[in-house]
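Novice: For reference, the structure I am asking about is given below.
The values are calculated or read from the model by the stated rules, or taken from the named source; none is laboratory data. These numbers come from a predicted model, not from an experiment. Here the Cβ is made from the backbone with ideal geometry for all residues, glycine too, and neighbour counts use every protein chain on show.
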Amino acid sequence: MTRGDHGGSVWVIVAAAGESRRMGLPDGESKQFLLLGGEPILSHSVRRLLDMPEVGGLVVVLHPSHTLRFANELFCFDETKPLLLAEGGRQRSDSVRAGLLEVPAEAEVIAVHDGARPLFSRHVFERCLEALDEADGAVPGIEVSDTLKRAGGAGAVEKTVDREGLWAVQTPQVFRAAPLREVYGRPDLTPATDDAALLERAGFKVVVVPSTPANVKITTPADLPLAGALLSWEAEADV
C-alpha cells in the first residue's frame, strides 16, 4: 500500500445496534429506520460509504431483531461490493467485535461508523485515510468553541473547564487494521464511548482531522428535522 493509497483496502463496520432510547420510540423500533428524505437513516449511511472508491466492503451490525428488516433493504445498494450483516451485543464494543469477525483478514484499514450519522463528509473521510500515513488511527472532529462547565446535583456549577485543545469527535473513525484488531483481542478490554479511546489507552497514535458540524448524530427527535435541512443543503454544496 503506497502513501495515501487505500483503494479497495478499507472495510467499514457500521454500528447500528443501539436501542434508540432517547428518541422515545416504541419498544422494538429503532431510529436507524426513521425516514430522512424519504429513505431510512441507516440507508443513507450505507449508500454514502459504498460510494467511496476507497471502501471495499461493509459490515452492518444490527440488533438481532432488526437484521431481517434491514436485509429487505439490501437490493437497493451497489451489488459490486460486499455488504454483510452481523448481530450486535449490549454494548458498542460487543457490536464492533462482532463486526470485526466478518471483516476479511486482508483488509488493511478498518473504519467504524455510527449508523445514525448519515451526513458525514466524503472529503473528511479521505483526509482521515491520508492521516494514517503518520498514525494508527484518525478521527474527524470539531474544535470546541462553547464555554464548558462541569455541573453537579441540581445543576450547580462546580467548575468552568478550559476548552483549549478540546475536540468533539465524530465518525467514521479510521484505523490501521492490525492495531484495532489487537485492542479488541485483549481479554481485559474495557468498553469506551468511541473506538479511538481503546487505541489511545494501548499507546497507539491517534490524530484528529478537522471536520464539519453538519456531520450530526441523530440521537433525539430534535435532530431529525435538523438533519433534513442539512440534507437539502447538501444538494447545493460539495461536501
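Novice: Being basic (Lys, Arg), at pLDDT below 95 and more than 25 Å from Pro213 (Cα to Cα) narrows it down to one of Arg117, Arg90, so name that one. Explain how you work it out, then say what you get.
Specialist: Values: Arg117 fails: more than 25 Å from Pro213 (Cα to Cα).
Within the list Arg117, Arg90, the selection yields Arg90.
Novice: Failed condition for Val96, given (1) modelled with pLDDT of 95 or more; (2) surrounded by 22 or more Cβ atoms within 10 Å (Cβ to Cβ); (3) outside any helix (DSSP H, G or I); (4) not basic (Lys, Arg), with all others met?
Specialist: The single condition Val96 does not satisfy is (3).
Novice: Any chance the range 208-216 includes a residue that's under 19 Å from the mean Cα position of the chain (by Cα), under 19 Å from Phe33 (Cβ atoms) and crowded, with 17+ Cβ neighbours inside 10 Å?
Specialist: The first filter runs over the range 208-216 and keeps only residues under 19 Å from the mean Cα position of the chain (by Cα), leaving 208-216.
Cutting the leftovers down to under 19 Å from Phe33 (Cβ atoms) gives us 216.
Those still in the list that are crowded, with 17+ Cβ neighbours inside 10 Å too: 216.
Yes; the residues of the range 208-216 include at least one that is under 19 Å from the mean Cα position of the chain (by Cα), under 19 Å from Phe33 (Cβ atoms) and crowded, with 17+ Cβ neighbours inside 10 Å.
Novice: Considering the range 139-190 alone, what residues qualify as being part of a helix (DSSP H, G or I), in contact (Cβ under 8 Å) with a residue 12 or more places away in the chain and of a type in the set (Gly, Ala, Ser)?
Specialist: Kept after step one, since they are part of a helix (DSSP H, G or I), are these residues of the range 139-190: 153-155, 177-184.
This time we only want the ones that are in contact (Cβ under 8 Å) with a residue 12 or more places away in the chain, so: 177, 179-184.
Of everything in the range 139-190, just one residue is part of a helix (DSSP H, G or I), in contact (Cβ under 8 Å) with a residue 12 or more places away in the chain and of a type in the set (Gly, Ala, Ser), namely Ala177.
Novice: Which of (1) closer than 23 Å to Ala196 by Cβ; (2) within 16 Å of the chain's Cα centre (by Cα); (3) surrounded by fewer than 21 Cβ atoms within 10 Å (Cβ to Cβ); (4) not basic (Lys, Arg) does Leu101 not meet, given it meets every other one?
Specialist: That leaves (2) as the condition not met.
Novice: Sticking with this one: Picking from Pro64, Pro82, Pro53, Pro26, which residue would you name as being modelled with pLDDT of 80 or more and either more than 24 Å from Arg127 (Cα to Cα) or of a type in the set (S, T, N, Q) (or both)? Let's see the steps before the verdict.
Specialist: Values: Pro82 fails: either more than 24 Å from Arg127 (Cα to Cα) or of a type in the set (S, T, N, Q) (or both); Pro53 fails: either more than 24 Å from Arg127 (Cα to Cα) or of a type in the set (S, T, N, Q) (or both); Pro26 fails: modelled with pLDDT of 80 or more.
Among Pro64, Pro82, Pro53, Pro26, only Pro64 is modelled with pLDDT of 80 or more and either more than 24 Å from Arg127 (Cα to Cα) or of a type in the set (S, T, N, Q) (or both).
Novice: Here is a further query. Taking the condition farther than 23 Å from Val10 by Cβ, surrounded by fewer than 20 Cβ atoms within 10 Å (Cβ to Cβ) and touching a Ser or Thr at 6+ places or on another chain (Cβ under 9 Å), does Arg90 pass? I'd like the intermediate steps shown before the answer.
Specialist: Details: farther than 23 Å from Val10 by Cβ: yes; surrounded by fewer than 20 Cβ atoms within 10 Å (Cβ to Cβ): yes; touching a Ser or Thr at 6+ places or on another chain (Cβ under 9 Å): no.
For Arg90, the condition - farther than 23 Å from Val10 by Cβ, surrounded by fewer than 20 Cβ atoms within 10 Å (Cβ to Cβ) and touching a Ser or Thr at 6+ places or on another chain (Cβ under 9 Å) - is not met.
Novice: Hey, another quick one. What are the residues in the range 34-67 that are surrounded by fewer than 19 Cβ atoms within 10 Å (Cβ to Cβ), among the small types (Gly, Ala, Ser) and either in a strand (DSSP E or B) or out of contact with any Leu (no Cβ under 6 Å at 6 or more places or on another chain) (or both), if any?
Specialist: Correct list: Gly38, Gly57, Ser65.
Novice: Assess whether Ser121 counts as being in contact with a Gly (Cβ under 7 Å, 6 or more places away or on another chain), touching a residue at least 40 places away in the same chain (Cβ under 8 Å) and among the small types (Gly, Ala, Ser). Explain how you work it out, then say what you get.
Specialist: Values: in contact with a Gly (Cβ under 7 Å, 6 or more places away or on another chain): no; touching a residue at least 40 places away in the same chain (Cβ under 8 Å): yes; among the small types (Gly, Ala, Ser): yes.
No, not satisfied.
Let's see how each residue does on (1) exposed (fewer than 10 other Cβ atoms within 10 Å of the Cβ); (2) closer than 14 Å to Val206 by Cα; (3) over 22 Å from the mean Cα position of the chain (by Cα):
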site: Lys149; (1), (2), (3): no, no, yes
site: Thr160; (1), (2), (3): no, no, yes
site: Glu164; (1), (2), (3): yes, no, yes
site: Gln170; (1), (2), (3): no, yes, no
